[in-house]
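Reading through the structure tokens given below for one structure.
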Amino acid sequence: MLNYPLIAPPFDMKDFEEMNKGEAKQFFDWYISEIPSRLNVLEQLTQGKIELDFSPASLIHLFDWYLSVINLYKLSEEELEEIFQSWDDLPWFVYESEKESLLEHPYEIDQEDYALALDISIYFAETIRAHFPEVQWAYKTKPKSDAELNQPILLFETETIYYERNPRRLLLVIIEYIKKHDVTSKSLFDMFHQDGQLILGEDE
């Protein structure tokens, strides 16, 4: 995927946990404004092979296509050593656990494949919203300890239902399963139905 049009804000980007309220709003407003263009990029990349009609079935076709185009490669000993060195500041027990996991599944994908996953996360989110219009894009500026602090998330809340999803984080988690060869073309589709049950309060 040469010349992949990356998504990047036209202003200095801070880590989410370092943003103040104004910066969080600036990023959120920009991110939401970019959704139509990112969906257009996705449509162009799939070259009409997939009907991106926000149907649950389209998530199967889209994710199957993603699995077919990404470059999953095995890390070299030198690359592994560089990663281990970058973990020097981790507590020893975390270091050992992460090292063991990486040695068991020493794989990575290209940076452009990560960028493409972020566009797919937008499509996943908009598919959720197409079927559950009560779900809205939102962001939270407190508490400071919140794992999704200042990040665009999907949110729906009633007296009995609380649904929150960070689509970007979801795709990053799925990528970790890709590295472990533990996904199918239905992985994203299954997440859609799992989230649907949460939104409808039918998760029990």
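The values are calculated or read from the model by the stated rules, or taken from the named source; none is laboratory data. A quick note: this is a predicted structure, and the numbers were derived from the prediction, not measured. Cβ: placed from backbone, ideal geometry, glycine included. Neighbour counts: every protein chain shown. What goes into the accessible areas is simple: the full protein's heavy atoms, side chains included, and nothing from ligands, DNA or RNA. Shrake-Rupley method; radii C 1.70, N 1.55, O 1.52, S 1.80 Å.
Within a straight-line Cα-Cα reach of under 25 Å, Lys14 can be paired with the following lysines, leaving aside sequence neighbours fewer than 8 residues apart in one chain: Lys25, Lys140, Lys142, Lys144. Picking from Pro36, Phe11, Trp65, whose Cα lies most toward the positive end of the charge dipole for the chain (charges on Cβ: Lys, Arg +1; Asp, Glu -1)? Result: Pro36. Using a probe radius of 1.4 angstrom, the carbon and sulfur fraction of the accessible surface of the chain is 49%. Computed over the chain, relative contact order equals 26 percent, with contacts defined as Cα pairs under 8 Å that lie 6+ residues apart.
The GluC sites (Glu not before Pro) of the range 14-60 meeting both criteria, a DSSP state outside H, G, I, E and B (loop) and at most 16 other C-beta atoms within 10 angstrom of the site's C-beta, are Glu51.
Annotation: per residue accessible area for the range 1-140 equals 59 Å², rounded to a whole number [probe 1.4 Å, protein chains only].
Legend: calculated FRET efficiency, Glu82 to Ile7, from the Cβ-Cβ distance at R0 = 35 Å, rounded to 0.05, equals 0.85. In the frame of its principal axes, the range 1-142 has Cα extents of 45, 40, 30 Å, reported largest first.
A straight chain from Asp146 to Asp89 at 0.36 nm per residue would run longer than the Cα-Cα distance by 18.2 nm.
Within a straight-line Cα-Cα reach of under 17 Å, Lys74 can be paired with the following lysines, leaving aside sequence neighbours fewer than 8 residues apart in one chain: Lys99, Lys179, Lys180. The length gained on full extension between His193 and Lys74, counted as 0.36 nm times the residue separation minus their Cα-Cα distance, comes to 39.6 nm.
Extension gain, Glu51 to Leu118: 0.36 nm times the residue separation minus the Cα-Cα distance gives 22.2 nm.
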